[in-house]
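**Q** Mind looking over this structure? Questions follow.
The values are calculated or read from the model by the stated rules, or taken from the named source; none is laboratory data. Because the structure is a prediction, the values reported are computed rather than measured. Glycine also receives a Cβ, built like all others from the backbone with ideal geometry; neighbour counts cover every protein chain displayed.
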Amino acid sequence: MKTRYFIFISYKGTSYHGWQIQPNSVTVQKILDEALTVVLNEKISTIGAGRTDTGVHAIYFCAHFDSISPDLLSLGNLIFRLNQYLPSDISVFSLKKVVPDASARYSATSRTYKYYISRIKDPFSLYSSWYLHGSIYIDSMNEACHLLLNHSDFTSFSRLHSGSKSNICKIYSAVWKESDNRIVFTIKADRFLRNMVRAIVGTMVEVGFGKMDLKEFEDIILAKDRCKAGKSAPAKGLFLADIEYPEEIFI
């Protein structure tokens, strides 16, 4: 009988075609599976908490896998060995034993994303933020955030033909904050649709620049039509920042 584990990692997505394994592409899942297979000396196939698109980053990501070893946690140097094998843009920071039916994807109770916008041309955040020039009104964007909380069908912010069975999401919180020359959008929900955060950001920015009013923003949500919303914000500014799980799944 195999034992199930959650592995928690962070990664810079710039060099990868997202998380999920794809033919003829370098993905985070492919690299992580190879590292686990070599270091544990058994074939390992992980299942991630979700999909991140090409260029999207993760401060906090979780995947689960099954191992023939009943106690990998007793190997004190395992995380060190994995990080030695992995490239510099992927890092393992925790490994936990879980109950057999725990799922990195389906056991999650919430996910939090952050989106970073730079107000100045900054070579050090070139691949981790979206550079926008001009006067942008944070208060208007935060009013748009309040409107998000009143709705649950986010078809207008979902990638077309994504194959999702439902476009219903419960958004718990959404807020824009400004610090120095950076604006950060933080959004927490029970689940997210493909491309949802980037589509929301791209549309809210139009509100911030005065190109769209709040009624037009809410009309876009009500339309349930992706073609009505704004363009998706660039992937490089998006970070998966947190995933929450119930304590009872951990052993």
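**Q** Only one of these is small (Gly, Ala, Ser), at pLDDT 95 or above, under 28 Å from residue 128 (Cα atoms) and surrounded by 14 or more Cβ atoms within 10 Å (Cβ to Cβ): 230, 202. Name it. It would help to see each step written out before you state the result.
**A** Numbers: 230 fails: at pLDDT 95 or above.
Only one candidate qualifies: 202.
**Q** Now, a different point. Looking at (1) within 11 Å of residue 156 (Cβ to Cβ); (2) not in a helix (DSSP H, G or I), which is the only condition residue 218 fails?
**A** Every condition holds for residue 218 apart from (2).
**Q** May I ask you to list pairs of residues, at least six apart or on different chains, whose Cβ atoms are under 9 Å apart, with the first in the range 143-160 being on the phi < 0 side of the Ramachandran plot and the second being in a helix (DSSP H, G or I) and among the polar types (S, T, N, Q)?
**A** Hits for this filter: 144/203; 156/203; 157/203.
**Q** Can you confirm whether the range 193-205 contains a residue that is of a type in the set (Val, Ile, Thr) and under 12 Å from residue 226 (Cα atoms)? Quick ask: steps written out before the conclusion?
**A** Taking the range 193-205 first, the residues of a type in the set (Val, Ile, Thr) are 197, 200-201, 203, 205.
If we keep only those that are under 12 Å from residue 226 (Cα atoms) too, we end up with 200, 203.
So far as the range 193-205 goes, yes, one or more of its residues are of a type in the set (Val, Ile, Thr) and under 12 Å from residue 226 (Cα atoms).
**Q** For the range 95-115, give me each residue that is within 22 Å of residue 186 (Cβ to Cβ) and either hydroxyl-bearing (Ser, Thr, Tyr) or surrounded by fewer than 17 Cβ atoms within 10 Å (Cβ to Cβ) (or both).
**A** Passing the criteria: 105, 109, 110, 112, 113, 115.
**Q** Starting from residues that are within 20 Å of residue 235 (Cβ to Cβ) and not hydrophobic (A, V, I, L, M, F, W, C), keep the ones in the range 134-174 and report whichever is surrounded by the fewest Cβ atoms within 10 Å (Cβ to Cβ).
**A** Within the range 134-174, the match that is surrounded by the fewest Cβ atoms within 10 Å (Cβ to Cβ) is 163.
**Q** What residue, of 203, 186, is in a helix (DSSP H, G or I) and within 25 Å of residue 136 (Cβ to Cβ)?
**A** From the options 203, 186, the qualifying one is 203.
**Q** Which residues, counting only those in the range 1-48, are surrounded by fewer than 20 Cβ atoms within 10 Å (Cβ to Cβ), under 14 Å from the mean Cα position of the chain (by Cα) and among the hydrophobic types (A, V, I, L, M, F, W, C)?
**A** Matches in the range 1-48: 8 only.
**Q** Ok, one more. Among the residues of the range 200-224, what is the count of those that are out of contact with any Phe, Trp or Tyr (no Cβ under 7 Å at 6 or more places or on another chain), under 20 Å from residue 113 (Cα atoms) and small (Gly, Ala, Ser)?
**A** Of the residues in that region, 1 qualify.
**Q** Shifting gears a bit: Looking at the range 120-137, can you tell me whether even one residue there is out of contact with any Phe, Trp or Tyr (no Cβ under 9 Å at 6 or more places or on another chain) and in a helix (DSSP H, G or I)? Break it down into steps so the answer makes sense when it comes.
**A** Residues of the range 120-137 out of contact with any Phe, Trp or Tyr (no Cβ under 9 Å at 6 or more places or on another chain): 123-124, 126-127, 131, 133.
After this cut, where a residue has to be in a helix (DSSP H, G or I) as well, the list is 123-124.
Among the residues of the range 120-137, at least one is out of contact with any Phe, Trp or Tyr (no Cβ under 9 Å at 6 or more places or on another chain) and in a helix (DSSP H, G or I), which makes the answer yes.
**Q** Sticking with this one: Given the residues 202, 237, which is the only one that is small (Gly, Ala, Ser), touching a strand residue (DSSP E or B) at 6+ places or on another chain (Cβ under 6 Å) and farther than 18 Å from residue 153 by Cβ? It would help to see each step written out before you state the result.
**A** Numbers: 202 fails: touching a strand residue (DSSP E or B) at 6+ places or on another chain (Cβ under 6 Å).
Only one candidate passes the filter, namely 237.
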